[in-house]
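What follows is one structure encoded as structure tokens, with my remarks underneath.
The values are calculated or read from the model by the stated rules, or taken from the named source; none is laboratory data. Keep in mind it's a predicted model, so treat the numbers as computed, not measured. As a convention, Cβ positions derive from the backbone with ideal geometry for all residues, glycine included, and neighbour counts pool all protein chains shown. Only protein heavy atoms, including side chains, enter the accessible area calculation; ligands, DNA and RNA are left aside. Shrake-Rupley method; radii C 1.70, N 1.55, O 1.52, S 1.80 Å.
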Amino acid sequence: MVTVGAIGYPVVLGIQKTGTASSSVVADTDFGPLTKNDRDFVAEVHAAGLLELPAGRLALKKGTTGDVRAAGQRLVNADVSLDATCRKVATRLDVTLPDKLSLQQQALLTAMTDDRGRKFDSDFANILWTANSRLLPRIADIRTTTRNTLIRQLADQADTSVLDHMTTLEKTGRVDYDQAP
């Protein structure tokens, strides 16, 4: 399995640098103040989808069980919807979104593309479960700090999607909790 434990949250999401996000307002909008933390969150949610959407499509083709294929379909459906919201929010708030996978995300996707059989099932479930588990606290942070209604709406939708993704991936029986963060 691709070493999930060695991959940090920002790497899995395609964000190269994280830290204590600034709460300073970078723009006043019709939807409330926009902070650097808010802006970074929109980019992080979109970056997560850049990996999850193609990974979900791979699961539809390569999954060896109905549960893995179902997880792939749920991820695809949710990520298409979440990305549409993300793009709408980014446009309305003038936030720049990443347009391609990071090198680390590309390596993970390549590994899943090269995987066969149960190894694919395992890597798919563990890589995406880990990415989602690390996004969950980020969503909670945004929910408690943002004063921007569009960012809050995106966080609400992301929260629902992430919890659904994690539950669906757990139902595959392939998540290795001992290797999880």
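Just the residues that are touching a residue at least 60 places away in the same chain (Cβ under 8 Å), open to solvent by 20 Å² or more (accessible area, probe 1.4 Å) and assigned to a helix (DSSP H, G or I), please, taken from the stretch 83-106. The answer is THR85, ARG92, GLN104. Annotation for the stretch 155-174: at least one member residue is surrounded by fewer than 20 Cβ atoms within 10 Å (Cβ to Cβ), in a helix (DSSP H, G or I) and β-branched (Val, Ile, Thr).
Summed over the stretch 138-173, residues that are within 16 Å of LYS36 (Cβ to Cβ) and among the charged types (D, E, K, R) total 3. Does ASP178 qualify as being open to solvent by 70 Å² or more (accessible area, probe 1.4 Å), within 26 Å of ASP40 (Cα to Cα) and outside any helix (DSSP H, G or I)? Taking the combined requirement at face value, the residue does not satisfy it. Screening LEU128 against (1) assigned to a helix (DSSP H, G or I); (2) more than 13 Å from the chain's Cα centre (by Cα) leaves a single unmet condition, (2). SER122 meets all of the listed conditions (1) assigned to a helix (DSSP H, G or I); (2) farther than 15 Å from LEU169 by Cα; (3) of a type in the set (S, T, N, Q) but one, namely (2).
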